[in-house]
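K.L.:
Following this message is one structure expressed as structure tokens.
The values are calculated or read from the model by the stated rules, or taken from the named source; none is laboratory data. The structure displayed is predicted, hence computed values, not measured ones. All Cβ positions, even for glycine, are placed from backbone atoms using ideal geometry, and neighbour counts span all protein chains on display.
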Amino acid sequence: MIQELQKICEENDCSLKQTDLKELGPGSSRTHISKYNLQIFQNGTVIDSIFDFGKTDSAKFIIELEPLNRISEFELTSFEHLRKLILFRKQNWELKPEHGSLRFDVEKLLAKHGLINLMEKTAFQPEMSGKLRNRKYRIETMFSLKYDGNIQSIKPIVDFHKELVDLIKLKYCS
């Protein structure tokens, strides 16, 4: 995973910051935690990503933009495969709102970068939201790294976020 993050840094001319911690775990044991922070600059915007190994084995992406035009909020929720079967759903993810151009664009980008396929074929279960607060549009994506293909999927996930920044900058910030 670290080699993949370093490769992304080289491709995007950014740096990878590592923080190592030891926290008390169960039974007074010590748990080693490594956090990797990667800041990618895309079209004048910072894509901040944090990869946490050891405690939660998770990743989080944060993007903040200042839209000039009206932009709708969105939310992507994913479900476990078992819940999909119980609820008789044809897909194990949901994107709200049901209609709108931003929803269509986000879904198109998810498909383009193979993330819909990843959600349907693995335990990749991202939670993503885009919300307008205090004149800033904040996009947050969180997901566990405990799924098959997590190393190979980091580049498509980063590319998705880069293209999402470009899309929002083009449609809502100019």
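K.L.:
Looking at 142, 119, 128, which is the one that is in contact with a Lys or Arg (Cβ under 7 Å, 6 or more places away or on another chain) and in contact (Cβ under 8 Å) with a residue 40 or more places away in the chain? Write out each step before concluding.
P.N.:
Details: 119 fails: in contact with a Lys or Arg (Cβ under 7 Å, 6 or more places away or on another chain); 128 fails: in contact with a Lys or Arg (Cβ under 7 Å, 6 or more places away or on another chain).
Checking each option against the conditions leaves just 142.
So that you can scan it fast, the table gives a plain yes or no per residue for (1) within 20 Å of residue 165 (Cβ to Cβ); (2) assigned to a strand (DSSP E or B); (3) small (Gly, Ala, Ser):
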position: 11; (1), (2), (3): yes, no, no
position: 31; (1), (2), (3): no, yes, no
position: 35; (1), (2), (3): no, yes, no
position: 41; (1), (2), (3): yes, yes, no
position: 46; (1), (2), (3): yes, yes, no
position: 56; (1), (2), (3): no, no, no
position: 60; (1), (2), (3): yes, yes, no
position: 64; (1), (2), (3): yes, yes, no
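K.L.:
Given the criterion basic (Lys, Arg) and surrounded by 15 or more Cβ atoms within 10 Å (Cβ to Cβ), identify the matching residue among 35, 22, 17. Steps first, answer last, please.
P.N.:
On the way: 22 fails: surrounded by 15 or more Cβ atoms within 10 Å (Cβ to Cβ); 17 fails: surrounded by 15 or more Cβ atoms within 10 Å (Cβ to Cβ).
Result of the check over 35, 22, 17: 35.
K.L.:
Residues of the stretch 108-125 being surrounded by 15 or more Cβ atoms within 10 Å (Cβ to Cβ) and at pLDDT 95 or above, which ones?
P.N.:
Hits for the stretch 108-125 are 109, 110, 113, 114, 115.
K.L.:
Condition (residue is more than 14 Å from residue 158 (Cα to Cα), touching a strand residue (DSSP E or B) at 6+ places or on another chain (Cβ under 6 Å) and either not in a loop (DSSP other than H, G, I, E, B) or not acidic (Asp, Glu) (or both)) applied to the stretch 111-120: is it met by at least one residue?
P.N.:
Within the stretch 111-120 (the criterion being more than 14 Å from residue 158 (Cα to Cα), touching a strand residue (DSSP E or B) at 6+ places or on another chain (Cβ under 6 Å) and either not in a loop (DSSP other than H, G, I, E, B) or not acidic (Asp, Glu) (or both)), the answer is yes, since at least one residue qualifies.
K.L.:
Next question. I'd like to verify a number: residues in the stretch 121-162 that are in a helix (DSSP H, G or I) and charged (D, E, K, R), how many?
P.N.:
Here is the first cut: in the stretch 121-162, the residues in a helix (DSSP H, G or I) are 121, 150-162.
Next, only the ones that are charged (D, E, K, R) stay: 121, 155, 159, 162.
So the count comes out to 4.
K.L.:
Within the set of pairs 6+ apart or on separate chains, which have a first residue in the stretch 35-51 that is touching a residue at least 40 places away in the same chain (Cβ under 8 Å), a second that is among the aromatic types (Phe, Trp, Tyr), and C-beta atoms under 6 Å apart?
P.N.:
Taking only residues 6 or more apart or on different chains, the pairs are 49/61; 51/36.
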